[in-house]
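To keep things clear, I will list the structure first and then write my remarks on it.
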Amino acid sequence: MTGYLVRIGADQAFGGWNAPVDPITGEFVYVPIPENAVHFHPGCRRMFDELVPALQTFCDCRRLNVNRDLRIGQHSIDQPMHLDPDFVHLSYGDNGAKRGAGIAGLADGDLIVFYAGLRPVSECNQRLLYSLVGLYVVEEVVRVSNILPNRWHENAHTRKLRHCPTDIVVRAKRGISGRLERSISVGEWRDGAYRVRNDVLRAWGGLSVKNGFIQRSAVPPRFQAAEQFYEWFRKQRIPLVERNN
């Protein structure tokens, strides 16, 4: 088994804000990064305003204001989002080269584990919670150029008119893949950067990056012992859901 740890979601570099998380319950809102493309196949454009109900519900339960407490501006709502991964369709797209070369080589039964830098909405000892938010058990990896029009709506890389020749889409197994119902905090600020906590690194069997660095990487970290990680993950008993929020 092979597995990669892949960062997703809006942050200060991509979107200008971090999605919210309740540090007590682990509940969060999945907020994708902005979409750079301007031309899409008919009916395939996905907009940030789709997230308003989820953000509003999250805030209402905690007596928060969406704009004031989440620090989201109207400009964010009025633009397309790069909805990837799409947990409804259990798809994830990547460039299939350089950064995504390892993911392009994944096979049936391998893992993609998604994490995000989330901003806690109540008192917390971390400015950001680097947390696991989703997991895919791979079913297949397909080239975007081979995907038929009736499935273009399933992923951000096939929704837009133009894509790179090397682009791929990962499809995950239903029933054992999806978005985490509650995030799992695994990071901490250590040695000048956000890193996976040492106790978590030991439980996972290590990562391919030095000292658990997860703040930003050109290539997704690989699990040194993917089977060991997956055993640890299943013991967390967090439900996986096939929906984005």
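The values are calculated or read from the model by the stated rules, or taken from the named source; none is laboratory data. Quick caveat, the model's predicted, so the values are computed rather than measured. Cβ atoms come from the backbone with ideal geometry, glycine included; neighbour counts cover every protein chain shown. Side chains included, ligands, DNA and RNA excluded: accessible areas come from the protein's heavy atoms. Shrake-Rupley method; radii C 1.70, N 1.55, O 1.52, S 1.80 Å.
Things to note:
- Residue match in the stretch 190-203 (condition: of a type in the set (D, E, K, R), farther than 21 Å from V31 by Cα, in a strand (DSSP E or B) and in contact with a helix residue (DSSP H, G or I) (Cβ under 9 Å, 6 or more places away or on another chain)): yes
- Note on the stretch 94-109: residues that are of a type in the set (D, E, K, R), open to solvent by 20 Å² or more (accessible area, probe 1.4 Å) and either in a strand (DSSP E or B) or at negative phi (or both) amount to 2.
- Test for V196: is it in contact (Cβ under 8 Å) with a residue 60 or more places away in the chain, open to solvent by 10 Å² or more (accessible area, probe 1.4 Å) and on the phi < 0 side of the Ramachandran plot: no
- Index of the failed condition, R99 passing every other in (1) modelled with pLDDT under 95; (2) over 24 Å from M1 (Cβ atoms); (3) not polar (S, T, N, Q): (2)
- D94 being closer than 18 Å to I33 by Cα and charged (D, E, K, R): yes
- Residues that are among the aliphatic types (A, V, I, L, M) and open to solvent by 10 Å² or more (accessible area, probe 1.4 Å) were ranked within the stretch 11-50; the one that is farthest from the chain's Cα centre (by Cα) is V38.
- Qualifying residue in the stretch 209-220 (condition: under 13 Å from V113 (Cα atoms), in contact (Cβ under 8 Å) with a residue 40 or more places away in the chain and either assigned to a strand (DSSP E or B) or open to solvent by 20 Å² or more (accessible area, probe 1.4 Å) (or both)): no
- Pick from the stretch 67-111, criterion of a type in the set (G, A, S) and in contact with a helix residue (DSSP H, G or I) (Cβ under 9 Å, 6 or more places away or on another chain), ranking: nearest to V137 (Cα to Cα): S91
- The helices (runs of 4 or more DSSP H) located wholly in the stretch 1-89 that include 1 or more residues which are within 18 Å of R182 (Cα to Cα) occupy 52-60.
- Residues of the stretch 52-66 satisfying the condition of being open to solvent by less than 30 Å² (accessible area, probe 1.4 Å) and in contact with a helix residue (DSSP H, G or I) (Cβ under 8 Å, 6 or more places away or on another chain): L55, C59, V66
- Residues located in the stretch 119-168, provided they are of a type in the set (D, E, K, R), in contact (Cβ under 8 Å) with a residue 40 or more places away in the chain and in a helix (DSSP H, G or I): E154, R159
- Applying the condition of being under 30 Å from G192 (Cβ atoms) and of a type in the set (D, E, K, R) to the stretch 209-245 and asking which residue is farthest from the chain's Cα centre (by Cα) yields K210.
- Whether a residue is closer than 25 Å to R195 by Cα and either among the polar types (S, T, N, Q) or crowded, with 16+ Cβ neighbours inside 10 Å (or both) was assessed, and L90 does not pass this test.
- Of the residues making up the stretch 176-188, not a single one is free of Cβ contacts under 8 Å to residues at least 40 places away in the same chain and crowded, with 17+ Cβ neighbours inside 10 Å.
- Residue selected from the stretch 149-164 under the condition modelled with pLDDT of 95 or more and surrounded by fewer than 19 Cβ atoms within 10 Å (Cβ to Cβ), by the criterion nearest to F87 (Cα to Cα): H153
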